[in-house]
């Protein structure tokens, strides 16, 4: 029983170490930087993008809805470009 526990622990530690070494933070000059989150993270060839709002780099949000949506999409595009991906290689997902 003890050997099973030790094996399970070693496998878990190995999986965490593999995950940690396989991820790359994505930062871009176009998206307002934050100490508490990254614009995106690439893990195993998959880019996970944080919720992008319509803020400009200076943190301002337009009063016009269409401009805000365009800014949010531009922010997502900047993250894709920083991760060496394009808008043709992604698909949308909901909250996880």
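The values are calculated or read from the model by the stated rules, or taken from the named source; none is laboratory data. Bear in mind the structure is a predicted one, so any value in this text is a computation, not a measurement. Cβ coordinates were reconstructed from backbone atoms using ideal geometry, including for glycine residues, and neighbour counts include every protein chain displayed.
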Meets criteria (over 18 Å from residue 86 (Cβ atoms) and surrounded by fewer than 16 Cβ atoms within 10 Å (Cβ to Cβ)) for residue 45: no
Go through 85, 76, 52 for me and flag whichever is modelled with pLDDT of 75 or more and in contact with a helix residue (DSSP H, G or I) (Cβ under 6 Å, 6 or more places away or on another chain). 52
